[in-house]
């Protein structure tokens, strides 16, 4: 066994060095790669429990570096990421690609973009992640690291990189993210009474009382809305599709049909009647394949557009700090209201399309009460017309 107390011989210029790092409780081996244009020394490092292990890793590292000499000398991290964004995401939703592109431009290019990929080492990636941990939440840190890993892997498959140094590091803990919020019952009632007879009111009704995701609600078409189904069926919405490429859903359990409360069916019927009248007045043909919540041009609304209208509705309902709410928190509120009404977490998880109850328990549910109910029926009881207060929704003509 190597003697950790033995004095280390000072390596000559250009030699490999092996030394004991007490802070890491491991031996460190380093290969000199020369100096940067700024005069900073560049070294690739490996670590191990013994000097023998480190020497073996140094030999392997030298082989990789020799092979890496065949990779393009001036191929940068930014070029690798851009190549992956343009070539390695075929079939992915454009919204996902836009998200990756924005994260790369904001968090990868400024610090790592100009680095030569074949000279990039684990220390560079570690330092970059540490700098990002002050501004990004842990989930976002893992995502930007994943972008870098996948970009380098894409470069490896094309002979432009040998080692994927991003695989050698782990994302640190980031800043504490903003916790999701849930509407109280009084706030939910106030919102449901605001901006009636508008598309955003209908959007909120569907999101809050049926529990669909924003990425399921925005592209929803009338073909998937069944307010007057067959006699043996309840009014329901099919969310077998989402904005994901090829019409796929987030998970297998996202493929589901959700019963809607009777009041939601009435609001959707009234919304469809208004939409049909507007199409007729404009000389357009209304189609069952059309979107339930389109723009004036009949196109898919962006998440930003929906959020802006949603916050305007919140201001009308006199909700405190409307700018701090997002449309996704309508779904959080749906889960919390059902739980507070007494529905078991396992049933809620099935309704919202989770593969298990742990995500529902950890992220969505805000109150806990162990009683049994069912989704659409429960929402009819929560906001239905049998309550002593005024009805939450008017009867459709």
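The values are calculated or read from the model by the stated rules, or taken from the named source; none is laboratory data. Bear in mind the structure is a predicted one, so any value in this text is a computation, not a measurement. When we count neighbours, we look across all protein chains shown, and the Cβ atoms used for this are built from the backbone with ideal geometry, even at glycine.
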Checking residue 29 against (1) in contact with a helix residue (DSSP H, G or I) (Cβ under 8 Å, 6 or more places away or on another chain); (2) assigned to a loop (DSSP other than H, G, I, E, B); (3) at pLDDT 75 or above, which test does it fail?
(2)
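Answer with yes or no whether residue 229 is modelled with pLDDT under 90, under 17 Å from residue 331 (Cα atoms) and more than 24 Å from the chain's Cα centre (by Cα).
Values: modelled with pLDDT under 90: yes; under 17 Å from residue 331 (Cα atoms): no; more than 24 Å from the chain's Cα centre (by Cα): yes.
Criteria not met by residue 229.
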Residue check: is residue 143 touching a residue at least 40 places away in the same chain (Cβ under 8 Å), surrounded by 14 or more Cβ atoms within 10 Å (Cβ to Cβ), in contact with a helix residue (DSSP H, G or I) (Cβ under 6 Å, 6 or more places away or on another chain) and not assigned by TED's automatic domain parsing to the domain that holds residue 216?
no
Going through (1) touching a strand residue (DSSP E or B) at 6+ places or on another chain (Cβ under 7 Å); (2) surrounded by fewer than 18 Cβ atoms within 10 Å (Cβ to Cβ) one by one, residue 193 fails only at (1)
Look through 121, 130, 98 and report the one residue that is out of contact with any helix residue (DSSP H, G or I) (no Cβ under 9 Å at 6 or more places or on another chain), under 26 Å from residue 28 (Cα atoms) and at pLDDT below 95.
130
